[in-house]
Amino acid sequence: MSDGRAHEPRSAGAERRQEELLALVRRDGRLDVGPTAARLGVTQETLRRDLRTLEAAGLVRRSYGAAFPVEAGRFETTFEARRSSNSAEKSRIARAAAAQLGRAQTVYLDEGFLPLLVGRMLPADRSLTVVTSSLPAARELAEKDGIEVIIVGGRVRPATYATVDHGHDSMLHRLAIDLAYMGANGIDPERGLTTPHPVVATVKQAAMAAAKRRIFVGSHTKFGASSFVRFANVGDFEMLITGEELPSRHTIAFAHLGPKLVRV
């Protein structure tokens, strides 16, 4: 005997739940299985099944009881989401990257939170010139003694507070930079380093061309991911620095491409 209520098809309920999960992970930059399952009132196995579906669709990546958004097509996480995700890992990466400064006197800091962390950890006992397209990095480092900041002008992207559309006569084309600390939305052995937006790729390519040395900094979630526009090959870098969270078996695919891969 029916109670008169319409019963929702399980597939429709799962689809709505997966849409909510995708919105959450894109907003926060990370989703932890246990707390999220409790919040949504489902079992952890149900949540894992939903995340497997989203991973199969190329929308998230799963790792150690958590999920992270895949920045593909036109989607990318915001600066604030990047600030709050994988913070301990990013601090270790930034410290290791700053230690690679060597004799460099001019440094390029890419857009994003991790390059900003690298800037924070640059030595305070020497004079440096920092070139950047990142408004947060320029504002913060301009207050440090001994650092001269040059910001590359252009249109400001609200998602990342970075400048783009510098034009063909961009300052970057006229500079010779000792060392560039570069980020990416994804790094893959075959596709190289990628970003969702062509205008961002153009800035990154110009910075790469201006720099004598190039170091990639990125959390383990970036490895194996691929986004819309390629701006560099893995072999263009002298070093790739990531967290020890990246399984050692995943490093084999990068071993023959040239740069030293450091897990910290």
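The values are calculated or read from the model by the stated rules, or taken from the named source; none is laboratory data. Nothing here was measured: the structure is a model prediction, and the numbers come from that model. No Cβ is skipped: glycine too gets one built from the backbone with ideal geometry, and neighbour counts run over all protein chains shown.
Numerical summary
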read-out	value
Residue satisfying condition, being modelled with pLDDT of 95 or more, polar (S, T, N, Q), more than 17 Å from residue 98 (Cβ to Cβ) and touching a helix residue (DSSP H, G or I) at 6+ places or on another chain (Cβ under 8 Å), within set 133, 170	133
Strands (runs of 3 or more DSSP E) fully within the range 173-227 counting 1 or more residues that are at pLDDT 95 or above	177-182, 192-195, 211-217
Index of the failed condition, residue 158 passing every other in (1) farther than 12 Å from residue 111 by Cβ; (2) modelled with pLDDT of 90 or more	(2)
Residue within the range 220-238 that is in contact with a Phe, Trp or Tyr (Cβ under 8 Å, 6 or more places away or on another chain) and among the β-branched types (Val, Ile, Thr) present	yes
Verdict on residue 37 being out of contact with any Cys (no Cβ under 6 Å at 6 or more places or on another chain), at pLDDT below 85 and among the small types (Gly, Ala, Ser)	no
